[in-house]
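Data block below; observations after.
The values are calculated or read from the model by the stated rules, or taken from the named source; none is laboratory data. Here the structure is a predicted model, which means the values were calculated and not measured. Methodologically, a virtual Cβ is constructed for each residue, glycine included, from the backbone with ideal geometry; neighbour enumeration extends over all protein chains shown. For accessibility, only protein heavy atoms count, side chains too; no ligands or nucleic acids. Shrake-Rupley method; radii C 1.70, N 1.55, O 1.52, S 1.80 Å.
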Amino acid sequence: MARSTDQAAGRENPPETQVLWNSRLREKPGPAAFAFQASIKVDKVLAQDDIRGSRAHAAMLAAQGIIEQETAAILDAELERMAGELESGSLVVDESAEDIHSFIEGILTSRLGDTGRVIHAGRSRNDQVALDLRLYLKRELPRLCAELAGAIETLLDIAEKHTGSIMPGYTHLQRAQPLTLGHHLCAWACGLERDLGRFEDALKRLDQCPLGSGALAGSSLPLDRKALAAALGFPEPTLNAMDSVADRDFALELASAAAITMTHLSRFCEDLVLWASEEFKFINLGEAWSTGSSIMPQKKNPDFAELIRGKAGRTSGNLMTLLVLLKGLPYAYDKDLQEDKEALFDSLATSSQCLAMFRGMMAGAEFNIERMQAALEGGFLEATDAAEYLVRKGLPFRRAHEAAALIVRDCIEAGQRGIAGRGLAELKNRSPLFEADIYEAIKPASCVAARNLPGGPAPQEVKRQIAVLRGKLSRR
Ligand code: ARG
């Protein structure tokens, strides 16, 4: 086949096929207006998916006797060639085309003439884009899920080393009760594990083939939708053609899963930023995971954690974009839907990238266990344990709470930093039930060891939680 210089340079987009809707309109939008309504800059990532869909469609058209077998073979060979050329870079997506579907069909027609012109029988860009998006998500999401699983594994590896590292736990950012670093990191891992489930769940629901839905009402041609679904690796075709082209709830679900994941990362990073401060000094982020200041020579800033926290704003915004985008749309397809991709792709890319950064930052961090231990002093984190000691001796909890609270008050008035500073007689003053074993019961290590209920911070229990989470990951 003779190739023009444009073709040789990988730029092929003959004017005749620039748009797929030439004949009806006498006028075409001007260059700025045309570019405004084009989506190629965003949907060009769907090129391989579009080709895959086209190959399945051509084969199905032939199997159903709608086109000749020989024609289908030529189409298939050319589409396969195009896929290879796009891969190698010898064919470059022309960004002056309207969208990826027009581009692929345009190239096919420019190379094959009338043979290329048969491909769109029974098909619309509406079902094409719905298909391409699903195919794209099915091949891209496993990577994001692997990134999530990797972040969880890193957290669990660190947690495993710190099942016995006691630190203060906080509520209202005030010291609350002693727990272990392993327990804290396991809490984070639990959130990410549910995020993974959300992505997997959304993936299962979008696993239906929309091809054959046409513009909105299917086709009068005898298309074989089951064969299309099978050829493209879907368990079944979508049930309703209109729903297939109109709905983007799968995009909402994924953008939501991404926004929730990023909200998790953002909160973890908020902890890290606090912990990295001189005031806390619980963590030393690696130098390779910190940045300096252009003016203050001494600075080592937790920029990576801050930026991940900041990027959570984008993913919340993208979810909002998609919700608002869909809210008022009359059924079925509306061009508004073209706006779905930018927001969704950005959410997925942002989550992937932030998960990788978070994982690297965590792996490169050192924990300052001495500082964590030191922070256990002075906050009366043992007060609940003192109250529960009295409950074990038979005192109603409200009375025990009152006695412990008064002891804390006594300590503060006497300038003492912990309940252990009070003598037994002073403690008995508040409750005669106190005995000498109270001092053992309120040591941080005892407080943590005693909290061995399922879910608690006791080292053995945290080991169990880590094993459960690892089991969930390995069963995937
Ligand atoms: N570029 C379009 C999109 O992303 C493809 C579908 C166009 N369909 C149409 N009827 N204009 O949604």
(request) Express the carbon and sulfur contribution to the solvent-accessible surface of the chain as a percent, rounded to the nearest whole number, probe 1.4 angstrom. (result) 53
(request) Treating the angle as unsigned and between 0 and 90°, give the value, to the nearest 10°, between the Cα long axis of helix 303-327 and the longest Cα principal axis of the chain. (result) 50
(request) Please work out how much length the chain gains when fully extended from Glu413 to Glu87, using 0.36 nm per residue of separation minus the C-alpha to C-alpha distance, in nm with one decimal. (result) 109.9 nm
(request) Might you tell me the accessible area per residue for region 240-325, computed with a 1.4 Å probe and given in Å²? (result) 48
(message) With θ taken as phi - 60° and the coefficients 6.51, -1.76 and 1.60, list the Karplus ³J(HN,Hα) couplings across region 164-181 in order, rounded to whole Hz; mark glycine and proline as x.
(response) x, 8, 7, 9, x, x, 10, 10, 6, 6, 10, 4, 10, 8, x, 9, 10, 4
(message) Expected output is a single nm value to one decimal: the length gained when fully extending between Ala425 and Lys281, i.e. 0.36 nm times separation in residues minus the C-alpha distance. What is it?
(response) 48.1 nm
(request) Could you pull out which residues in region 310-331 have an amide N less than 19 Å from a spot 7 Å beyond the Cα of Ala217, following the Cα-Cβ vector? (result) 330-331
(request) Express the accessible area of region 61-147 per residue in Å², computed with a 1.4 Å probe while the remaining protein chains stay in the model. (result) 37
(request) Using the Karplus curve 6.51 cos²θ - 1.76 cosθ + 1.60 with θ = phi - 60°, work out ³J(HN,Hα) for each residue of region 132-147 in order, rounded to whole Hz, and write x for Gly and Pro. (result) 4, 4, 5, 4, 4, 5, 5, 8, 8, 4, x, 5, 5, 5, 5, 4
(request) Enumerate the amide H contacts of Gly169 below 5 Å, restricted to partners 5 or more residues apart or on another chain; note that Pro and chain-start residues carry no placed amide H. (result) Ala176, Gln177, Leu179
(message) Quick check: residue separation of Arg475 and Ser446 times 0.36 nm, minus the Cα distance between them. What number comes out in nm?
(response) 6.9 nm
(request) Kindly write out, for region 458-472 in residue order, the coupling ³J(HN,Hα) from the Karplus curve 6.51 cos²θ - 1.76 cosθ + 1.60 (θ = phi - 60°), rounded to whole Hz, with x marking Gly and Pro. (result) 4, x, 4, 5, 5, 4, 5, 4, 4, 5, 4, 5, 4, x, 4
(message) Run the helix sum for the chain: -39,500 (n - 2.57) per DSSP H stretch of 4+ residues, divided by residue count, reported at 222 nm to the nearest 500 deg cm²/dmol.
(response) -19500 deg cm²/dmol
(request) Report the longest stretch of the chain that contains none of the chymotrypsin sites (Phe, Trp or Tyr not before Pro) sitting in a DSSP loop with at most 12 other Cβ atoms within 10 Å. (result) 22-330
(message) For a quick check of your reading of the filter: which GluC sites (Glu not before Pro) in region 84-156 sit in a DSSP loop and have no more than 14 other Cβ atoms within 10 Å?
(response) Glu95
(message) Given bins 5 angstrom wide, list per bin the percent of all Cα-Cα distances in region 148-271, short to long.
(response) 2, 10, 14, 14, 12, 10, 8, 7, 7, 6, 5, 3, 1, 1
(request) Please tell me the relative contact order of the chain in percent, rounded to the nearest whole number, where contacts are Cα pairs under 8 Å and at least six residues apart. (result) 16
(request) Return the loop-located GluC sites (Glu not before Pro) in region 278-316 (DSSP other than H, G, I, E, B) with at most 15 other Cβ atoms within 10 Å of their own Cβ; answer none if there are none. (result) Glu278, Glu279
(request) Can you tell me the FRET efficiency between Asp114 and Met320 if r is taken as the Cβ-Cβ distance and R0 is 35 Å, rounded to the nearest 0.05? (result) 0.15
(request) Assuming R0 = 45 Å, can you tell me the calculated FRET efficiency for the pair Glu140 and Gln373, based on Cβ-Cβ distance, to the nearest 0.05? (result) 0.50
(message) Defining a contact as two alpha carbons under 8 Å apart and six or more residues distant in sequence, what relative contact order in percent does region 339-476 show?
(response) 17
